[in-house]
Amino acid sequence: MDNKKIVYCHLVDIDFEDRTFPFSYGIIPASLESSIANVGLLQAPLLVAGDNGYKIVSGRRRLEVLRNKAIRKTAAKSLEIAVTVAEKSSFQELFRRALWENLTIREFNLVEVADIYIAALKIFRPDELEKEIMPALKLPIKPRFQQRCQVVVGFSRPLRELLANGTIDGETVDLIREWSVDERAALAELVVEFSLRRNKLREVVSRLEDLSRRDRVSPLEPLSAARKFVLVESGGVDVELLRTHLKSLLYPHLTAAQNEFASRQESFAWPANLRLESPPDFEGGKFRLSFTFTDAKEWQKTCEKLNSVALEDIDELCRRS
Amino acid sequence: MNSVVDPKYYRSLFRPTMVLVEDEASGSPLTESILGRLPNAEVVFIERPTSENLALLSRQYSSHTTLLLALHRGRFLKACPGTAESYRCCLYQILHLGLGCNIGCSYCVLQGYLNNPFITQFVNLEDAFAELDRELEKPGVFYRIGTGEFTDSLFMDPLTGLVSRLLDYFGRSKNAILELKSKSVAIGSLLDYPGEIGETVVSWSLNAPQVCAQEEGHAATIEERLTAAVLCRQRGYRIGLHFDPLLYFTGWEDEYRQTVASIFSHLKGDDIIWISIGAFRFMPQVKEELRANHPQTNITAGEFIRGIDGKQRYFSAIRRQLYRFLVTEIKRYAPNVFIYFCMEDQYLWQDTFGFAPADNQELSHWLDKCCYRYNRLKKE
């Protein structure tokens with residue numbers, strides 16, 4: 001791209017609404033803000049002329065920092081900056097340039113990856129997509145990941161923001177792929193209300209999705225019911241109670257077995273240093289007994305306690321219902 | 001083929017409109033024979049398939065209508081990919097002659113295992129039989145060999161004619177039996193085979209009628225499978241039945257009871273060499289594939305825990321319920337039929353049957369003893 005020139009323009013001459021080159025979405029890092037505050041723009045953003053002013057090819061985050069700063073000082077109209085304006089360059093060239101320029105300084109978040117991929121679909125041939133664009137975006141060449149991008153571009157603003165800031169991960173996007181707008185909106189509200197993040201959120205969504213599939217109902221039903229249950233039971237927001245409750249709904253037999261095991265063990269009235277564990281999820285037959293001790297006396301006391309347990313009780317404890 | 005069970009059986013057969021032929025596989029007798037039976041199919045010759053070029057080809061050609069004819073370069077005879085020693089495996093051997101199937105069961109674990117999207121037929125049968133010759137020479141060793149692990153044993157037979165070739169080989173074998181496992185009823189060549197069928201076992205995978213209707217694509221119905229089993233039995237084949245995967249759903253007891261009743265309205269206990277049972281299990285990564293390929297299914301939304309082998313399995317109390325019920329139902333009709341679990345732990349064996357194989361070898365021995373050939377071999 002040889003045809004470019006440095007020009008001075010006002011911020012109001014830039015079409016911030018245009019997202020033809022969708023290379024930036026989400027929170028702007030504080031380090032970029034302080035860098036610009038301290039030393040100004042180190043590199044001129046790349047623009048191209050458009051119908052409603054200059055379109056931003058690359059450098060949107062830098063320009064948004066300036067705009068936010070200028071708006072705060074009500075100086076947006078008068079602030080003049082140096083930018084590079086591309087002339088006679090093909091759209092494809094500009095897109096490629098912006099892609100690689102961004103990649104040299106940062107990684108894209110999942111919203112950006114989706115936006116860029118969907119935009120690139122209209123610009124590049126399939127072989128160019130597979131050989132250059134998708135590897136650059138670290139997007140595996142599998143239908144699942146392409147579908148994920150389609151889903152993300154259809155997300156509402158709150159969900160896109162949760163995705164861009166890392167609260168929602170890609171696997172969670174896959175789980176809610178077939179959820180309706182209302183179902184997704186309810187989830188976004190739950191995420192904010194319960195401050196759910198990433199792994200716990202994925203677990204909650206996975207359980208809601210399983211419950212919805214199992215009972216052939218909308219995910220809204222288990223979601224609303226679980227939310228109400230937690231608010232009533234705990235009198236407020238309690239993430240752990242939400243997780244436990246959803247697990248007990250999805251795993252009624254396992255939960256019953258765990259409760260039964262705990263109550264049988266409780267009936268032994270063992271000292272706190274003695275611990276019996278069931279096999280993980282009761283799979284396989286191996287129970288684990290452990291105890292801690294500090295001296296011979298404590299050792300002896302624990303052994304006596306163990307010897308006093310009736311074999312029938314152990315049988316009962318290990319009984320597989 | 002004049003012994004077709006039901007003219008509609010064609011629905012569970014594969015009718016490719018495109019055939020990809022690996023260059024080195026062209027000219028082989030099986031390639032020629034298959035292409036001869038597909039006069040209207042488009043044929044494209046390709047380089048040796050690798051995972052990379054298969055991925056590219058999969059974007060050009062539909063996996064639903066494309067058949068790949070290729071050479072198999074690894075071992076044809078493989079141990080069944082059982083599982084960790086904590087779950088008992090019968091030490092079955094797989095004769096690996098093809099990959100994939102077009103029946104489209106929602107629960108098919110191949111969705112997560114195969115990196116080859118095309119239904120594939122290996123055409124270098126001579127190499128397979130040569131390997132079998134070498135393997136089966138081992139003195140005193142008995143083999144139970146099946147072809148239905150990575151594919152359906154019968155669904156493509158009208159195209160490949162493979163069943164007759166296998167019967168030619170295993171009909172005469174003294175220390176091996178062949179088991180053909182299927183959900184189709186393409187039994188024409190089994191019934192019409194003029195030679196010695198030996199102790200070949202023809203097996204059908206069975207399930208609850210609701211599972212068959214909702215989850216088993218265009219497999220033959222339970223009634224069709226059992227009718228086919230009767231015809232095969234009349235021809236002298238031994239019949240195997242496989243309840244795998246058992247699914248836990250509302251009304252499962254009535255549904256499985258129906259299937260068991262249906263079995264014994266067609267067959268006697270003595271007709272059946274063995275019945276295997278295995279509850280639904282899958283590698284965690286299959287879940288996403290399964291949901292993407294079958295969005296309507298809810299079979300993965302149950303009480304699945306992580307097994308010792310890393311697979312998702314129903315919580316043991318649910319498996320116990322399923323097993324006890326099914327075993328009791330079967331034993332009502334056929335108290336002496338041999339029932340075994342596929343990949344299940346010794347505790348569930350013990351809880352259901354009151355006994356358990358000490359290890360995989362013992363389970364293998366129990367199955368061997370079901371075979372006349374094995375018993376004859378031991379007497380010699």
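The values are calculated or read from the model by the stated rules, or taken from the named source; none is laboratory data. A quick note: this is a predicted structure, and the numbers were derived from the prediction, not measured. Don't worry about glycine lacking a Cβ; one is built from the backbone with ideal geometry, like all the others, and counts go over all protein chains shown. Each accessible area value is taken on the protein alone, full model and side chains, heavy atoms only, with ligands, DNA and RNA left out. Shrake-Rupley method; radii C 1.70, N 1.55, O 1.52, S 1.80 Å.
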What list of ³J(HN,Hα) values in whole Hz, one per residue of region B:338-354 in order, does the Karplus curve 6.51 cos²θ - 1.76 cosθ + 1.60 (θ = phi - 60°) give from phi, with Gly and Pro shown as x? 7, 10, 9, 9, 9, 6, 10, 7, 5, 5, 6, 4, 4, 5, 8, 9, x
For the residue B:73, residue B:213 Cβ pair and Förster radius 60 Å, calculated FRET efficiency rounded to 0.05 is 0.90
First obtain the Kirkwood hydrodynamic radius of region A:166-250 from its Cα pairs, then insert it into the Stokes-Einstein equation at 20 °C and 1.002 mPa s, and state the resulting D in µm² per second as a whole number. 170
Counting every Cα pair in region B:312-369, what percent are over 16 Å apart? 45
Kindly flag which residue pairs out of A:5/A:122; A:122/A:142; A:88/A:138 have an alpha-carbon separation exceeding 24 Å in this structure. A:5/A:122; A:88/A:138
Can you pull the three principal axis extents for the Cα set of region B:15-112, in Å, largest first? 49, 29, 27
Overall Cα dimensions of region B:142-209, principal axis frame, Å, largest first: 37, 26, 18
Which cross-chain or sequence-distant (5 or more) residues have an amide H under 5 Å from the amide H of residue B:338, H modelled 1.01 Å from N in plane? B:275
I need the per residue convex hull volume for region A:1-52, using only the alpha carbons, in cubic angstrom as a whole number. 128
Mind checking region B:261-313 for trypsin sites (Lys or Arg not before Pro) that DSSP puts in a loop (not H, G, I, E or B) and that have at most 13 other Cβ atoms within 10 Å? B:268
Which number comes out as Rg/Rh for region B:253-380 once both Rg and the Kirkwood Rh are worked out on C-alpha atoms? 1.02
What is region A:1-153 by shape, rounded, prolate or oblate, if you read a ≥ b ≥ c off the alpha carbon gyration tensor as root eigenvalues and call it rounded for a/c under 1.5, prolate for a/b larger than b/c, and oblate otherwise? prolate
For residues of B:301-307, the mean tally of beta carbons on other chains within 10 Å: 6
Could you tell me the relative contact order of region B:42-107? Use alpha-carbon pairs under 8 Å, at least six residues apart, and round to a whole percent. 25
Can you tell me the Rg and the Dmax, both Å, for the Cα atoms in region A:193-321? 19.5, 60
extent check for chain B: Cα max minus min per principal axis, descending, whole Å, gives 56, 53, 40
Considering protein heavy atoms only and a 1.4 Å probe radius, which residues within region A:276-294 exhibit an accessible-area decrease of no less than 10 Å² in the full assembly relative to the chain by itself? A:281, A:282, A:283, A:284, A:285, A:286
Can you say what percent of the DSSP beta bridges in the protein assembly as shown, counting only those with both residues inside, are antiparallel? Round to 5. 40
Semi-axes of chain A from the Cα gyration tensor (sqrt of 5 times each eigenvalue, largest first, whole Å) come to 57, 22, 20
I need the shape label for the protein assembly as shown. Rule: rounded when a/c is under 1.5, else prolate if a/b > b/c, else oblate, with a, b, c from the alpha carbon gyration tensor. oblate
Given springs between every Cα pair under 10 Å in a Gaussian network model of chain A, which of A:264, A:157, A:202 has the largest fluctuation? A:264
In Å², nearest 100, what accessible area do chains B and A bury in total when the solvent probe is 1.4 Å? 2400
Keeping every protein chain present and rolling a 1.4 Å probe, give me the accessible area per residue for the protein assembly as shown in Å². 46
Calculated Rg and Dmax of region B:232-297 using C-alpha coordinates, Å: 15.8, 43
Calculate how many DSSP beta bridges within region A:31-136 are antiparallel, expressed in % of all such bridges and rounded to the nearest 5. 60
Accessible surface of region B:255-380, 1.4 Å probe, proportion on carbon and sulfur as whole %: 47
Rounded to the nearest 500, the 222 nm mean residue ellipticity computed for the protein assembly as shown from DSSP H runs (n ≥ 4, each -39500 (n - 2.57)) alone is -13000 deg cm²/dmol
